[in-house]
Amino acid sequence: MREFDEFVKQVGKSARLDPWVRERGFAGYVQELKKEADEVIEAIGNNDRENIREELGDVLYDWLHACALAGIPLRDIIASAAEKLQRRKPYLRENRSVSSEEAVAIWKRVKEEEHARR
């Protein structure tokens with residue numbers, strides 16, 4: 001999506017050139033991300049769809065800044081998340097319906113197996 005690509009470029013530029021962002025660094029920006037996530041939770045609690053939309057945008061903005069400040073390419077982060085999704089939700093790949101309880105059990109089992117291998 002062109003809008004997303006342009007947004008990612010602008011956030012990358014912000015992470016490089018904006019002194020307020022650079023001064024906070026990765027650890028500081030993670031705190032911004034946490035604050036914005038709390039604001040999403042509050043907007044959800046208030047059932048305020050307009051504010052939810054705005055706050056989710058702020059979370060995306062801060063998440064992208066955190067990615068840039070961490071020095072981890074966005075492509076790598078997305079690939080890692082996609083791999084995890086495929087491992088922990090194999091029923092999606094198989095186009096198979098499962099109950100909520102089965103989904104949680106599968107996620108936990110695969111996660112435990114991953115941790116045991118480490």
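For this structure, a couple of remarks:
- With bins 10 Å wide beginning at 0, the percent of Cα pairs of segment 29-86 falling in each bin runs 24, 39, 31, 6.
- Stretch gain in nm, segment ALA103-ARG22, where the contour uses 0.36 nm per residue and the Cα spacing is subtracted: 25.1 nm
- Taking the fewest neighbouring Cβ atoms within 10 Å as the starting point, the ordered list for LEU85, LEU33 is LEU85, LEU33.
- Rounded to the nearest 10 degrees, the angle from helix 74-88 to the longest Cα principal axis of the chain is 20 degrees.
- Charged side chains reduced to their Cβ positions (Lys and Arg at +1, Asp and Glu at -1) give the chain a dipole of some 780 debye around its Cα centre.
- Peptide ranges 65-74, 36-45 listed from the most packed, as the mean C-beta count within 10 angstrom indicates: 65-74, 36-45
- Translational diffusion of segment 40-118, estimated by Stokes-Einstein from the Kirkwood radius over alpha carbon pairs at 10 °C in a medium of 1.306 mPa s, is 103 µm² per second.
- Annotation for segment 1-101: trypsin sites (Lys or Arg not before Pro) lying in DSSP loop with at most 13 further Cβ atoms inside 10 Å of their Cβ are ARG96.
- When both segment 1-16 and segment 102-118 are represented by their alpha-carbon centers, they are found 35 Å apart.
- Relative to the longest principal axis of the Cα atoms of the chain, the long axis of helix 2-17 makes an angle of roughly 60 degrees.
- If the segment from ILE72 to ASP38 were pulled out straight at 0.36 nm per residue, it would be longer than the present Cα-Cα gap by 9.8 nm.
Every number here is computed from the coordinates shown, using simple stated rules; none is lab data. Keep in mind the model is a prediction, meaning the values are calculated, not measured. Cβ: placed from backbone, ideal geometry, glycine included. Neighbour counts: every protein chain shown.
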